[in-house]
Amino acid sequence: MFEAWRRIDFTSSSDVGDRLRRISRVYPQNIIDYLPSVDEYYAFSRWAYRFFYNNKGYIHLGVSDWIGYRPGPEALLDFISDHIAKNNVHSVLELGYGMGSNLSYLSGKHPDIMFVGVDRVNLPLDSNRSGENVHYVHADFEDVGRLFPGKFDLIIGIEAICYSSGLKVVDAAADALTSGGTFIVFDIYNHTDRELTEEETRARSACARSVGIDAFIDYVYAIERFSKRFEPISSADLSSNVMGSLERMENIAAFYFRHPFLARIFNRFNHFAFTRNSILGLLLPACLRNGTLCYRMDMMKLR
């Protein structure tokens, strides 16, 4: 069955259960349930992203077959770049800049626009510090409304707002925008219109905890939260569009869990906050396929 995972649409809980059983052969339940701090997670995962996922420092999922954009992690950035070019944007803030790769790419395409990134955990790669029109601020992005009141025409959050408890960052982003400013969010959410099985619930929880989140935000709640400060412009479910990117992670994770004895040896020499990325690689594709999680883009205008 393991050999057959690639490109199969599993809609039942049986596949998720098989993956959970394979994970349990490598990790005890207390490690699967462990919730690392965001600082701990990124401290041990930065190099892994570059080695296993993308050597340019992008730490968000790639997108393919989406309204004509080239496939890969830069598809989202090209979408944002088009918005900047078409809407007279003069200032851009990124919530959670990661390694700085997103702002480095965008600032290179728009040298006359000011770009600022806020992140309390990460530091940009040296190669991403060269742009004169990009600035990195080491701070909590939930403070951007106080730090930059009414300063930005556009705020972007790429797989970042899921780290904001109760989506407090939504109000902060609204306070940091200019009148009529735009907020663009790409993120993973809980999503289902049916009752979850016990295995699906466990899998969804394990995905969240493997990246330092207690639980992903329900998409219905996120929309309600957005609507208090923003008017919707456009929205898209990109769950199927990120599967190509996830399949590479899935295949690496499948190899890892196919050999539990070797995986346990590997774990002895590496911190589990890093090695548990394999749990996400194995479970996230299954959770997107069966609809218990979703990957969404939402573009909103300040009320």
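Take the convex hull of the alpha carbons in the chain; its mean projected area over all directions comes to 14.8 nm². By the rule of a C-alpha distance below 18 Å, with chain neighbours fewer than 8 residues away ignored, the aspartates and glutamates paired with residue 228 are 142, 171, 175, 218, 298. Ranked by solvent-accessible area (1.4 Å probe, protein heavy atoms only, all chains present), the residues 223, 233, 184 order from largest to smallest as 233, 223, 184. Under 22 Å of direct C-alpha separation, and excluding same-chain neighbours fewer than eight residues apart, residue 86 reaches these lysines: 109, 151, 301. Take segment 138-242 with all the other protein chains still there, run a 1.4 Å probe, and you get 41 Å² of accessible area per residue. Per residue, the convex hull spanned by the Cα atoms of segment 59-130 measures out at 89 cubic angstrom.
Principal semi-axes of the equivalent ellipsoid, √(5λ) from the alpha carbon gyration tensor of segment 175-303, are 33, 16, 13 Å from largest down. Entry note, the chain: relative contact order of 24 percent, from Cα contacts under 8 Å with a spacing of 6+ residues.
Under 37 °C and 0.692 mPa s, how fast does segment 44-163 diffuse according to Stokes-Einstein, given a Kirkwood radius computed over C-alpha pairs? Answer in µm²/s, whole number.
Roughly 224 µm²/s, to the nearest whole number.
Using a 1.4 Å probe and counting only protein heavy atoms, arrange 19, 258 so the residue with the most accessible area comes first.
Result of the area sort, largest leading: 258, 19.
Its DSSP H runs of at least 4 residues, each contributing -39,500 (n - 2.57), put the calculated 222 nm mean residue ellipticity of the chain at -12000 deg cm²/dmol, to the nearest 500. Counting only DSSP beta bridges whose two residues both lie in the chain, roughly 45 percent are antiparallel. For the set 171, 187, 237, the ranking by accessible area, highest first and with no ligand, DNA or RNA atoms included, is 237, 171, 187 under a 1.4 Å probe.
What per residue convex hull volume, in Å³, comes out for segment 204-278 when only alpha-carbon positions are used?
It comes to 119 Å³ per residue, whole-number rounded.
The values are calculated or read from the model by the stated rules, or taken from the named source; none is laboratory data. Values in this document were obtained by computation on a predicted structure and should not be read as measured data. The protein model used for the area step is the full one, side chains on, heavy atoms only, and it has no ligands, DNA or RNA in it. Shrake-Rupley method; radii C 1.70, N 1.55, O 1.52, S 1.80 Å.
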